[in-house]
1. Scanning region 469-478 for residues that are in a loop (DSSP other than H, G, I, E, B) and surrounded by 13 or more Cβ atoms within 10 Å (Cβ to Cβ), which turns out nearest to the chain's Cα centre (by Cα)?
2. Of the conditions (1) closer than 30 Å to residue 370 by Cα; (2) out of contact with any Leu (no Cβ under 8 Å at 6 or more places or on another chain), residue 432 clears all except one; give me its number.
3. Just for region 105-144: of the residues that are over 20 Å from the mean Cα position of the chain (by Cα) and assigned to a loop (DSSP other than H, G, I, E, B), which one is surrounded by the most Cβ atoms within 10 Å (Cβ to Cβ)?
4. Within the bounds of region 145-163, is there any residue that is of a type in the set (Phe, Trp, Tyr), in a loop (DSSP other than H, G, I, E, B), closer than 24 Å to residue 55 by Cα and open to solvent by less than 40 Å² (accessible area, probe 1.4 Å)?
5. Name the single residue, out of those in region 396-429 being without any contact (Cβ under 8 Å) to a residue 40 or more places away in the chain and among the hydrophobic types (A, V, I, L, M, F, W, C), that is most open to solvent (accessible area, probe 1.4 Å).
6. Could you list, in sequence order, all residues of region 33-69 that are under 21 Å from residue 303 (Cα atoms) and touching a strand residue (DSSP E or B) at 6+ places or on another chain (Cβ under 8 Å)?
7. Looking only at region 433-455, filter to residues that are open to solvent by 40 Å² or more (accessible area, probe 1.4 Å) and either more than 21 Å from residue 506 (Cα to Cα) or of a type in the set (Val, Ile, Thr) (or both); which one of those is farthest from the chain's Cα centre (by Cα)?
8. For region 49-62, how many residues are within 16 Å of residue 22 (Cα to Cα) and open to solvent by less than 50 Å² (accessible area, probe 1.4 Å)?
Amino acid sequence: MQPDLNQGGEHAAEHYDVAVIGYGPTGLVAASMLGRAGHRVVVIERWPTPYGLPRLTHIDGETARIVQASSNVEQALRNAKPVDTYHYRDAQGELLLEVNWTGRACGYPGHISIYQPDIEDAIDARASRYENVTLLRGWEVETLKQDGGGVVLSAHPWRCAQDAQWTEAPRTFHVRYVIGADGANSFVRRTLGIERTDFGHNERWLNLDSENKRDLGDACARTTIFCDPARAYMHMPIGTKRTRFELRVLPGEATQDWEREEAGWRWLKERYGLGPDDLKMLRHVVYTFETRMAERWRESRVLLAGDAAHTMMPYMGQGACSGMRDGINLAWKLDLVLSGCASPALLDTYETERRPHVSAIAQMSLFLGKVVNEDDPHKVAERDAAFRAGSVPPMPPFPKIEQGILHRNADGTLSPSTGAPAPQGRVRQGAAEGRLDDVIGYGFQIVSRAHPAHYLDAHQFAFLERLGCRFAVLSDDSAATDAVVELDGDQRAFMDEHGIEAYMSRPDFVVFGSVADLRDLGALVDDLRDQLHWCARPVADRAARTDGMRVS
């Protein structure tokens, strides 16, 4: 239903809790999760239709769990496949570095080759089901101003759309918060006057995305980067039936020359012996890879996320993963603030948590980018010799959250289990069977070896109930009341590894803290309450709304 018009023919102001500007992976997750939590959300996206082509080709297991929370994950990953290794080779094709991507995380393969439109369509389908989510495609924000009570936005149909349907009057929105997820050239960021730090090493690469007309064989089945100083290039699978080929556009070469499709076909024939009988070209575009970071991610009630806040080289496959982590981090914190459960000070922890995590990944990606794009013959020879001698230092471990809403030991340190994604194995509870989140419910979770009722007082239980916390009491006795029986042992393996009896995880799956003795569980719960800036007044129907988030 369209909003009312005022006497001047313009739309009357519309009121929402959150405006999400931009509807790529970051905005999709934020909109779906805030919609799931019951908040009124307006999404403003200038493109009138979904992009429909892959840009990202990889997610990790943690990100797959985010997709699970925000969509029908089986639909989202229907054309996906696990990734086992990532090869770096020299100009002659000899192996320099093999990155082992086997293993599992959060109930999924550790790394997954995906088809992006499937994921975006699945999240959009979920978000669109919520009556409290309004989606405006083909609209762009024109003005953004903050006042004491929120943010005022004006939007109009995108000027580049020439179709007659774009004759509607501008619309004005009063919202409590704005998430700027509108990409690297973010209007929101520019309007706020926020500059970006450029870490250098910007590179242009031609992306050739294709659909396989036949089996291309083992040569194209594994992600492989050729670190050739004459022209670096690579190939990778896009899910189960598509392939991306990429090549570096050299300094001095004109972008427009490579953006002619015949140039891409010529290179594919020369390098791989492939042509139109083998592949159907889906996309042919030159991208600039860059590493940039916004100087700040929040201006009062406006928060930047995804590429609007940070961009990175693609060599870790973590750009969109990082944006989706931003989206779910913001969603659960905004949920508590909007519900009156937590003070707005909770939002200060968004950048505190996410900036160091993204920065570490961006630096790892930048290192790999320097390895791939080096074209000085002398430096290339030194690089190759160092890799063959095994003298290149190993990549640092993947980062975890180390600041923000985390339980600390008495000496201020974090336990090894804290700050990393919690496990999610397959379990059974009564007649329900599946991944942990689907069986016990999404949100804050306490997983323990014995029932918390023996270790928490009434006030602590009341807090957890208002928080919408879910409980999983592990047991081998499926007949026990509310027992959760593990089917693959992921939760117990995690607890055994860290010597703990219980752990609590946040709605973005990060482990808040754990206890080696269940008698310390109450103190863990009290610490969470304090760190959330919890408000004492009751919030009606919060537990009911959380229950209502369990959708198929």
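1. First pass over region 469-478, keeping only residues in a loop (DSSP other than H, G, I, E, B): 469, 475-478.
Within this subset, residues satisfying the condition of being surrounded by 13 or more Cβ atoms within 10 Å (Cβ to Cβ) are 469, 475.
Working: 469: 23, 475: 33 Å.
Selected residue: 469.
2. For residue 432, the failing item is (1).
3. 130
4. yes
5. Ranking the candidates gives 410 first.
6. The answer is 34, 35, 39, 40, 41, 42, 43, 44, 45, 46.
7. Within region 433-455, the match that is farthest from the chain's Cα centre (by Cα) is 454.
8. As a first pass, look at region 49-62 and keep what is within 16 Å of residue 22 (Cα to Cα): 49-52, 55.
Okay, now just the ones that are also open to solvent by less than 50 Å² (accessible area, probe 1.4 Å), so 52.
Qualifying residue count, region 49-62: 1.
The values are calculated or read from the model by the stated rules, or taken from the named source; none is laboratory data. This structure is a prediction, so every number in the text was calculated from the model and none was measured. Don't worry about glycine lacking a Cβ; one is built from the backbone with ideal geometry, like all the others, and counts go over all protein chains shown. Keep in mind that these areas ignore ligands, DNA and RNA; they rest on the heavy atoms of the full protein, side chains included. Shrake-Rupley method; radii C 1.70, N 1.55, O 1.52, S 1.80 Å.
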